[in-house]
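First up is the structure itself, then whatever we jot down about it.
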Amino acid sequence: MENKQPSVMDLLIETHAGLERQGPGSPEMTRKALGFLDHLDQISHAADLGCGSGGQTMVLAQHLTGAIIGLDLFPDFIHALNENAQKQNMEKQVKGVVGSMDELPFEKETFGLIWSEGAIDNIGFEKGLTHWHGFLQKNGYVVVSCPSWLTKERPAVIEKFWSDAGSGLDSIEHNVEVLQKCGYQFIASFTLPETCWTDNYFIPREAALKGLLKKYPGNKTVEAFVAENRDEVEQYVKYKQYYGYVFYIGKKI
Ligand code: SAH
């Protein structure tokens, strides 16, 4: 295993599998978003899409009485979630499955709540909200967080950084309009504080990156991967007034 040449995807998984979260967020912000929903006790089935290793899934489980299915593309993350659920004696309520967010392996109108933190941009905000609409019951909630522009204008260099990364961001106003267009009533949106990026994501990730450099000394793929991750942090420090992670909460009409 130690001698195997890791691919960028291997490195992405190896860096993130041991972290509590795989993107910006916090238990407090998950709870804040939950606070906008009525009648949590009536939600019998919820899904957490792109759940990663399930940091937020376990927070949801503390506040919901119904069953929660976490779904992610990567078996390593789902394994971590299921192990965690078992450790916390929650394996009856929380179950992780491997699957893709853009082709959900569920019956239509199954869920009273579809949750997704920091993952929808992998398939696109509009595409995700459109696809997931069919899997929600009437009056069911959709709650997603994703990076968004916070200002009307911003330096071209940071726009280019995000579009090169494969996810051109949109403004909050635009995303709210899309949410409404996709058949949801707009309930609320709010921006995550900086600590959700720094303390809860970048700092633990940097520790994991240092571990990678030690494990694969002199490996060019690893060095390039680490440099790219560090560049993301540098961009954030320079340009964080222009973008942030934003929660969007909607209710299926
Ligand atoms: N919700 C977690 C993880 C966010 S990182 C958190 O906030 O900590 C984004 C996650 O989306 C990763 O775990 C990644 O594996 C997953 N993902 C990316 N594309 C996906 C897809 N098409 N279907 C399901 N999961 C996907």
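Condition check ((1) over 18 Å from Gly166 (Cα atoms); (2) touching a Lys or Arg at 6+ places or on another chain (Cβ under 8 Å)) across all residues:
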site	(1), (2)
Asn200	yes, yes
Ala208	yes, no
Leu213	yes, no
Tyr216	yes, no
Lys220	yes, no
Glu223	yes, no
Asn229	no, yes
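If only one of Glu109, Glu126, Glu91 is more than 12 Å from the ligand (Cβ to nearest atom), open to solvent by 40 Å² or more (accessible area, probe 1.4 Å), of a type in the set (Asp, Glu) and assigned to a helix (DSSP H, G or I), which one is it?
On the way: Glu109 fails: assigned to a helix (DSSP H, G or I); Glu91 fails: assigned to a helix (DSSP H, G or I).
Only one candidate passes the filter, namely Glu126.
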Show me the helices (runs of 4 or more DSSP H) entirely contained within the stretch 145-253 in which 1 or more residues are of a type in the set (Ser, Thr, Tyr).
156-164, 220-239
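Criterion first (out of contact with any Phe, Trp or Tyr (no Cβ under 6 Å at 6 or more places or on another chain) and either of a type in the set (A, V, I, L, M) or crowded, with 22+ Cβ neighbours inside 10 Å (or both)) does Gly66 satisfy it? Reasoning before the result, please.
On the way: out of contact with any Phe, Trp or Tyr (no Cβ under 6 Å at 6 or more places or on another chain): yes; either of a type in the set (A, V, I, L, M) or crowded, with 22+ Cβ neighbours inside 10 Å (or both): no.
Here the answer is no, as Gly66 does not meet what is asked.
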I'd like to know if the stretch 56-63 contains one or more residues that are at pLDDT 95 or above, open to solvent by less than 10 Å² (accessible area, probe 1.4 Å) and hydroxyl-bearing (Ser, Thr, Tyr).
yes
Here the qualifying pairs (Cβ atoms under 7 Å; residues six or more apart or on different chains; first in the stretch 192-219 and touching a residue at least 24 places away in the same chain (Cβ under 8 Å); second among the basic types (Lys, Arg) and assigned to a helix (DSSP H, G or I)) come out as none
Could we say that Gln42 is more than 11 Å from the ligand (Cβ to nearest atom), open to solvent by 10 Å² or more (accessible area, probe 1.4 Å) and under 23 Å from Gly134 (Cα atoms) here?
yes
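Going through Gln86, Gln137 one at a time, which residue ends up being in a helix (DSSP H, G or I), more than 17 Å from the chain's Cα centre (by Cα) and not charged (D, E, K, R)?
Working: Gln137 fails: in a helix (DSSP H, G or I).
The unique qualifying residue is Gln86.
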Checking Gly54 against (1) closer than 25 Å to Gly244 by Cα; (2) away from the ligand (no atom under 12 Å from the Cβ); (3) touching a helix residue (DSSP H, G or I) at 6+ places or on another chain (Cβ under 8 Å): exactly one of these is not met. Which one?
(2)
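Is it fair to say Phe74 is in contact (Cβ under 8 Å) with a residue 40 or more places away in the chain, within 11 Å of the ligand (Cβ to nearest atom) and surrounded by fewer than 21 Cβ atoms within 10 Å (Cβ to Cβ)?
Values: in contact (Cβ under 8 Å) with a residue 40 or more places away in the chain: yes; within 11 Å of the ligand (Cβ to nearest atom): yes; surrounded by fewer than 21 Cβ atoms within 10 Å (Cβ to Cβ): yes.
Criteria met by Phe74.
The values are calculated or read from the model by the stated rules, or taken from the named source; none is laboratory data. Just so we're clear, the structure is a prediction, and the values are computed from it rather than from any experiment. Methodologically, a virtual Cβ is constructed for each residue, glycine included, from the backbone with ideal geometry; neighbour enumeration extends over all protein chains shown. These accessible areas exclude ligands, DNA and RNA; they are computed on the full protein's heavy atoms, side chains included. Shrake-Rupley method; radii C 1.70, N 1.55, O 1.52, S 1.80 Å.
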